[in-house]
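Okay, structure first, notes after.
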Amino acid sequence: MADDLAASLAREARDRAYDLASGATATAERARGHRGLMAMVLAAVVAGHDDGDPERATLEAAATGWLGELEALQEPTGLFSSGDNLASPPDSAFTVSDGVLALTLLRRGSAWAGVRERVDRILRRSLPALVAGGVHTPNHRWEIAGALAGLGTLLGAPEAHDRAREWLAEGVDVDADGIYSERSPNYAAHVSNPSLLTLAVALGRDDLLDVVHANLHAQLDLAAPDGGIETVHSRRQDQKYESYPLGPFLDQLARFAAACARCREATRRAASAEHVDAVHAAARALLDGDVRAGLLAAGDMGAGEPRVAGAGERWFAGSRWFAGSRLLRRRRGEEWVTVYGGSDVPAAGRVASGLACNPTFLRLGLGGVGVRSARLSRDFFGLGPFRATDVEHVGDRVVLREEIAASYYQPLDAARRRPDGAYALEFEGRFAASMAFSARRRDVVRLETEVVLDLADDGVTLGITTRGLAAPHALELALPWDCEVRGADDLGDGRFRLTRAAEVVGTGATLRVEQPIGADHASPPVYRPGEAYEFLDGTDALAGPRLYVTWSSPGTTTVRIRRA
C-alpha cells in the first residue's frame with residue numbers, strides 16, 4: 001500500500017462528510033439519535049480541517065444544522081435522550097467523546113468559530129451530569145471515564161479527572177490473556193480500547209497503554225486468515241455473529257505500529273478490511289503523532305500483498321490457549337480451528353443478557369471449506385444443548401465435560417404443608433412454579449457428557465461419550481452458506497443427515513465427515529435450544545446448510561471431520 005494511509009483515511013473521511021452533508025447517508029446517522037448527530041458533526045470537522053478545500057463552507061453549514069438538532073436532544077441536566085437509553089450518562093458519554101475530538105480539532109484553527117462555541121457549550125452542559133452519573137455495564141466505566149478525561153483536559157475541570165480516576169481505581173477488567181471481562185471484540189474496538197488510550201494520555205497512565213496493546217495482540221490471535229475475529233466466547237451481542245472484522249481496530253493498531261512489527265502488519269491489513277471508521281481514524285491521526293507514525297510505517301510496507309492472507313504471518317501466533325475464556329485458537333497457514341468451553345450458562349443456571357450463552361463448541365476453516373458451528377443437541381428435560389462445565393487442554397487435545405441433572409420432587413413433609421396450597425414461587429433450574437421446590441426431597445436424573453477433540457493438520461476427530469439414561473442426541477454441523485453436500489440424506493430446508501460418510505464441497509476444497517461407530521438413525525436430526533428459549537417460541541438456532549449426526553446415549557460415538 002504505497003500511498004500514505006493517513007492521507008487515504010483523510011480522503012475517505014472527507015467523502016463521508018460530504019455524503020452526510022448532501023443527505024445521502026444522513027438518515028441512518030439520525031436514526032442513532034444524539035450519538036449519530038455528534039458523529040456527523042465530527043465528520044464535518046475532520047473533513048473541514050483542510051483549509052484549502054473550497055467547498056468547506058458546505059460542511060460548516062451542515063454542522064451548524066446538526067448541532068441545532070443535537071441541542072434539542074440535550075436535557076437541562078446536560079444528558080441526552082434518544083432510543084431506549086433515556087438520560088443515560090454512559091450513552092451521553094459516547095456523544096461527549098466525539099465532541100471532545102471535534103472541539104480539540106476546532107481549537108487548532110481560527111475558522112468555524114460558531115461551531116466551536118456551540119460544541120464547547122454542549123460539552124460544558126454535560127460535565128456535571130457525567131461527573132455525577134452512573135453506569136450499568138463494565139465497558140461503560142471506561143467510556144464515561146474517557147469522556148471525563150477529555151473534558152477535564154479541554155475545559156480545565158479537575159473534578160472530571162478526579163472522577164475518571166475514581167472509576168479507574170476499580171481496576172481494569174482485563175484478564176491475563178488481555179481479554180476484557182465482556183470478551184467482546186466489538187466493545188473492545190469501540191469502547192474499552194479507545195477510552196483507555198484517552199485515559200492513558202490525559203492522566204499519565206502508561207500502564208493503560210500496555211492493557212490496550214495486550215488486548216490487540218489477543219484479537220490478532222483470535223483472527224482467521226480473512227481477518228475475521230472469533231466471537232463465540234463473547235458475553236455481549238456479537239456472540240451471535242460468526243466473526244468480527246479487523247477494520248474497527250485500525251487506529252488502535254496504528255498507535256503501536258511504529259514500534260511493534262506485529263501491529264504494523266495488522267495495521268496494513270486492517271486498513272483494507274471491512275468497517276474501518278475513517279472519520280475516527282483520521283481524527284486520531286490528526287491529533288496523535290504515534291497514530292500518524294504507525295500509519296506511515298504500515299503504508300511503507302509495500303503494495304500488492306493479499307488483504308489478510310499470504311506469506312506475512314507476523315501478525316498472528318500459530319496457537320494460543322485463552323485460559324480465562326477456556327478457548328483454544330489454532331491457525332496454520334490458511335487453516336484454523338476454535339475449540340470453546342467457556343459458556344456462563346451452567347454456572348448462572350439461565351440464559352441472560354451479559355452472559356456467554358453460545359453453545360457452539362467447535363469452529364474450523366480448512367481453506368475454502370469448514371464448519372461454521374458444531375453444537376451438540378439432545379432431548380433431556382428441556383435443558384438445552386451441551387455447554388461444557390470443565391475443560392482440559394494439552395497440546396492438540398481438548399477435553400470438554402458437562403454434567404446436567406433434572407429432578408422429580410417428592411411430597412412435602414407434613415410440617416411444611418399448607419391448607420391453602422400457597423407455596424413459594426421458585427425456579428428449580430428448568431421450570432418455575434409455586435411448589436416450594438427447595439423444601440422437597442428429590443429424585444435426580446443425570447446426564448454426563450465428555451467430548452474429546454483431537455486436532456490434526458487436516459481436521460479434527462470428536463469422541464463423544466455419554467453416561468446416563470437413554471436420550472436422543474444430534475451433533476449439528478453448520479456448514480458454509482455456498483457449499484454442496486454429497487452423500488447425506490437431504491431433509492429439505494437446508495438440513496442433511498449423515499448416514500455413514502458425506503462430503504462438503506466448498507471453494508476449491510472438500511470436507512469429509514464420517515461417523516464410523518455409534519450411529520443411531522432413529523434419533524431425530526434436530527437442534528433443541530432448550531426450554532429457556534422454547535417456552536416463548538424463541539430459539540438461538542442457526543440458519544443455512546446444516547449436517548446432523550445422530551445417536552442415542554449412553555455410549556460412545558466418533559465423528560471425524562477431515563479435509564478430503
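Listing for the model above:
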| item | result |
| --- | --- |
| Pair list, Cβ under 8 Å, 6 or more apart: region 53-64 residue over 15 Å from Ala10 (Cα atoms), other residue small (Gly, Ala, Ser) and modelled with pLDDT under 90 | Glu60/Ala111 |
| When residues of region 218-229 are limited to those that are in a loop (DSSP other than H, G, I, E, B) and touching a helix residue (DSSP H, G or I) at 6+ places or on another chain (Cβ under 8 Å), the one surrounded by the fewest Cβ atoms within 10 Å (Cβ to Cβ) | Gly227 |
| Odd one out for Gly227, checked against (1) at negative phi; (2) touching a residue at least 24 places away in the same chain (Cβ under 8 Å) | (1) |
| Region 402-455, residues that are part of a helix (DSSP H, G or I) and within 39 Å of the chain's Cα centre (by Cα) | Phe437, Ser438 |
| Selected residue [modelled with pLDDT under 95 and surrounded by fewer than 19 Cβ atoms within 10 Å (Cβ to Cβ)] from Asp520, Asp490 | Asp520 |
| Among the residues listed as Gly114, Gly109, Gly99, the single one being in a helix (DSSP H, G or I) and either surrounded by fewer than 16 Cβ atoms within 10 Å (Cβ to Cβ) or of a type in the set (Phe, Trp, Tyr) (or both) | Gly114 |
| Answer from Ala374, Ala388 - the residue that is in the same structural domain as Ala509 (by TED's automatic domain parsing), within 18 Å of Ala348 (Cβ to Cβ) and under 28 Å from the mean Cα position of the chain (by Cα) | Ala388 |
| Selected residue (only one of Ala356, Ala388, Ala352 is in a loop (DSSP other than H, G, I, E, B) and in contact with a Leu (Cβ under 6 Å, 6 or more places away or on another chain)) | Ala388 |
| Among the residues listed as Thr389, Thr360, the single one being crowded, with 20+ Cβ neighbours inside 10 Å, in contact with a strand residue (DSSP E or B) (Cβ under 7 Å, 6 or more places away or on another chain) and at pLDDT 95 or above | Thr360 |
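The values are calculated or read from the model by the stated rules, or taken from the named source; none is laboratory data. For clarity, every value in this text was computed on a predicted model and none was experimentally measured. No Cβ is skipped: glycine too gets one built from the backbone with ideal geometry, and neighbour counts run over all protein chains shown.
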